[in-house]
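**Q** Have a look at this one before I ask anything.
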């Protein structure tokens with residue numbers, strides 16, 4: 001997220017003024033701060049005068065600070081020739097943080113012109129050995145003083161990697177060379193892959209394919225993506241059914257990739273997380289002009305609390321460093337409103353939220369995200385069911401989140417349908433138009449998905465047969481009629497008693513009939529009556545049928561079902577008089 005500002009000296013010009021503040025904060029910390037255990041240890045990103053950030057971190061009681069290091073600032077003219085002013089400022093920061101008992105993370109970026117930047121310090125290094133040599137020189141200078149070295153900043157996206165398209169193929173050699181150089185200078189230092197924009201697990205997966213395993217000690221992610229307005233427990237599932245990269249909880253997928261590659265015991269450092277307090281319109285990326293750029297000050301503080309609560313369930317997230325300690329500038333815009341301290345020096349509510357986290361740890365109790373998949377049951381058909389051209393399918397499901405979105409049926413991996421019944425937990429249909437399906441075994445699957453995209457499925461094997469090869473099959477019609485909200489509800493099914501796994505084929509004619517007089521009278525003038533069909537439907541014989549109808553008041557009615565015949569299945573008929 002950080003926008004690199006040329007001139008590190010301008011960031012450090014007030015360091016002498018800050019020394020009294022730092023000493024006072026250190027004295028205060030002796031007796032007021034004793035944080036309870038938390039899975040993710042809180043920290044700060046330095047902004048503005050980064051030397052002052054050490055004092056702010058001390059005042060809050062956090063033990064982690066992160067700062068950008070500009071290669072172009074420290075070695076502006078040639079390799080190995082440090083700018084005395086720039087390196088002195090960095091020395092001051094590192095020494096102050098060490099004196100305050102803070103773990104230091106340095107992210108090394110900003111290529112000098114002599115190394116091929118062409119005037120753009122965010123040009124991705126074209127010579128990994130040059131960049132690695134620089135990191136090695138820094139690691140030697142700060143041996144045992146800098147705990148974590150991040151190799152470039154967000155090298156997976158074009159905002160911080162110019163000159164060529166960001167790619168694992170370009171970043172992997174940089175990471176490998178830097179790892180070897182840093183470890184040679186300071187074996188105890190941690191070399192960090194990334195940080196990546198969002199939770200870019202796909203980039204990490206490609207890094208493994210490029211042979212990066214064994215060349216990093218941790219992975220860093222940034223979840224403070226521009227125009228972020230969702231809270232940390234809100235996530236989405238992408239097209240590959242992974243927790244979306246730009247979800248806060250997407251770090252689950254980063255760890256999943258690490259675990260799949262044998263690095264599950266390595267930590268994730270969330271070296272930037274945060275929400276902007278700016279509530280004006282977003283002006284960047286996909287949502288430019290379509291939504292707010294931030295969440296306001298109250299939600300900023302609340303989301304910080306929720307973020308620590310979410311991370312508490314994932315011990316592999318070792319550190320979480322708020323971006324950032326202060327606003328960058330007074331101008332009202334998204335990037336300038338992430339700070340715990342406003343540009344006028346006053347504190348936002350997020351300052352107190354972070355202090356509370358240090359003092360008391362996670363105090364929230366509600367769940368963070370629902371990841372339990374729905375429970376789905378393929379009610380019909382049974383395994384081994386025999387059918388010809390149509391088959392009755394029914395599935396039911398419940399969701400842990402309470403919001404079931406859909407149930408979809410697949411036959412041999414081909415989608416048949418997707419919908420929910422009115423009760424939100426049941427789908428029933430007749431799968432037809434299957435005459436071209438080959439004879440033999442087929443796989444039927446019911447898949448349920450909740451509002452977050454979590455899903456589960458159940459499968460059964462069914463058998464398509466040629467009914468003409470069967471001997472004569474006796475059928476039986478059964479049904480009952482109930483009344484609901486003024487309607488007569490007719491439910492029934494045609495069965496083949498000889499074999500419960502065999503589905504009949506063809507259609508059943510259902511008729512609501514009324515007892516009405518003939519239009520003509522006999523010679524004896526006695527009135528004669530007949531059953532006249534008023535409402536009729538054709539239903540598949542392959543499964544249960546339903547026929548709801550509101551019948552006019554008065555008169556005598558009956559329900560009549562007729563199954564003529566189809567192939568080897570015998571005809572069947574049944575009527576039921578309504579009283």
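**Q** Looking at 226, 214 in this structure, which one is surrounded by fewer than 18 Cβ atoms within 10 Å (Cβ to Cβ) and either assigned by TED's automatic domain parsing to the domain that holds residue 278 or closer than 30 Å to residue 333 by Cα (or both)?
**A** Only one candidate passes the filter, namely 214.
**Q** For residue 349, work out the one condition from (1) at pLDDT below 95; (2) more than 27 Å from the chain's Cα centre (by Cα) it doesn't fulfil.
**A** (1)
**Q** Let me ask something additional. Looking at region 66-85, which of its residues are farther than 17 Å from residue 109 by Cβ and either free of Cβ contacts under 8 Å to residues at least 24 places away in the same chain or not in a loop (DSSP other than H, G, I, E, B) (or both)?
**A** Correct list: 81, 84, 85.
**Q** Anything in region 558-569 that is touching a residue at least 60 places away in the same chain (Cβ under 8 Å) and touching a strand residue (DSSP E or B) at 6+ places or on another chain (Cβ under 7 Å)? List them, or say none.
**A** Answer for region 558-569, where residues must be touching a residue at least 60 places away in the same chain (Cβ under 8 Å) and touching a strand residue (DSSP E or B) at 6+ places or on another chain (Cβ under 7 Å): 559, 561, 563, 568, 569.
**Q** Hey, another quick one. Starting from residues that are under 27 Å from the mean Cα position of the chain (by Cα) and assigned to a helix (DSSP H, G or I), keep the ones in region 161-197 and report whichever is nearest to residue 117 (Cα to Cα).
**A** 171
**Q** For region 143-160, which residues satisfy the criterion of being surrounded by fewer than 22 Cβ atoms within 10 Å (Cβ to Cβ) and more than 28 Å from the chain's Cα centre (by Cα)?
**A** 143, 144, 145, 147
**Q** Turning to a different aspect of this structure: So, in region 503-529, how many residues would count as being more than 30 Å from residue 463 (Cβ to Cβ), modelled with pLDDT of 90 or more and outside any strand (DSSP E or B)?
**A** Matching residues across region 503-529 total 0.
**Q** Applying the selection to region 483-495, what residues are without any contact (Cβ under 8 Å) to a residue 60 or more places away in the chain and surrounded by 10 or more Cβ atoms within 10 Å (Cβ to Cβ)?
**A** Within region 483-495, 483, 489, 491, 493, 495 meet the criteria.
**Q** Kindly establish whether residue 117 is part of a loop (DSSP other than H, G, I, E, B), in the same structural domain as residue 308 (by TED's automatic domain parsing) and touching a strand residue (DSSP E or B) at 6+ places or on another chain (Cβ under 8 Å).
**A** Yes.
**Q** Further question on the same structure: Among the numbered criteria (1) touching a residue at least 40 places away in the same chain (Cβ under 8 Å); (2) surrounded by fewer than 24 Cβ atoms within 10 Å (Cβ to Cβ); (3) not in a loop (DSSP other than H, G, I, E, B), which single criterion is violated by residue 241?
**A** (3)
**Q** With the checklist (1) assigned to a helix (DSSP H, G or I); (2) closer than 30 Å to residue 499 by Cα in hand, flag the one item residue 351 doesn't pass.
**A** Only one criterion in (1) assigned to a helix (DSSP H, G or I); (2) closer than 30 Å to residue 499 by Cα is unmet by residue 351, namely (2).
**Q** Could you say which residue among 369, 402 is in contact with a helix residue (DSSP H, G or I) (Cβ under 7 Å, 6 or more places away or on another chain) and under 24 Å from residue 235 (Cα atoms)?
**A** It is 369.
**Q** Also, I was wondering about something else. If I ask for residues that are closer than 25 Å to residue 469 by Cβ, assigned to a loop (DSSP other than H, G, I, E, B) and out of contact with any helix residue (DSSP H, G or I) (no Cβ under 6 Å at 6 or more places or on another chain), which ones from region 530-567 would you list?
**A** 541, 542, 543, 564, 565, listed by residue number.
**Q** Still on this model: Against the definition (in a loop (DSSP other than H, G, I, E, B), out of contact with any strand residue (DSSP E or B) (no Cβ under 8 Å at 6 or more places or on another chain) and within 14 Å of residue 385 (Cα to Cα)), how does residue 500 come out, yes or no?
**A** Judged against the criteria, residue 500 is a match.
**Q** Moving to a separate point now. Answer yes or no: is there a residue in region 269-280 that is within 20 Å of the chain's Cα centre (by Cα), surrounded by 21 or more Cβ atoms within 10 Å (Cβ to Cβ), assigned to a loop (DSSP other than H, G, I, E, B) and in the same structural domain as residue 211 (by TED's automatic domain parsing).
**A** Scanning region 269-280, I find at least one residue that is within 20 Å of the chain's Cα centre (by Cα), surrounded by 21 or more Cβ atoms within 10 Å (Cβ to Cβ), assigned to a loop (DSSP other than H, G, I, E, B) and in the same structural domain as residue 211 (by TED's automatic domain parsing), so the answer is yes.
**Q** Something else: Name the one entry in 474, 514 that is touching a strand residue (DSSP E or B) at 6+ places or on another chain (Cβ under 9 Å) and loosely packed, with under 14 Cβ neighbours inside 10 Å.
**A** 474
**Q** Now, a different point. Confirm whether residue 345 is outside any helix (DSSP H, G or I), more than 30 Å from residue 265 (Cβ to Cβ) and touching a residue at least 24 places away in the same chain (Cβ under 8 Å).
**A** So residue 345 does not fit the description; no.
The values are calculated or read from the model by the stated rules, or taken from the named source; none is laboratory data. Because the structure is a prediction, the values reported are computed rather than measured. Neighbour counts run over all protein chains shown; Cβ positions are idealised from the backbone, glycine included.
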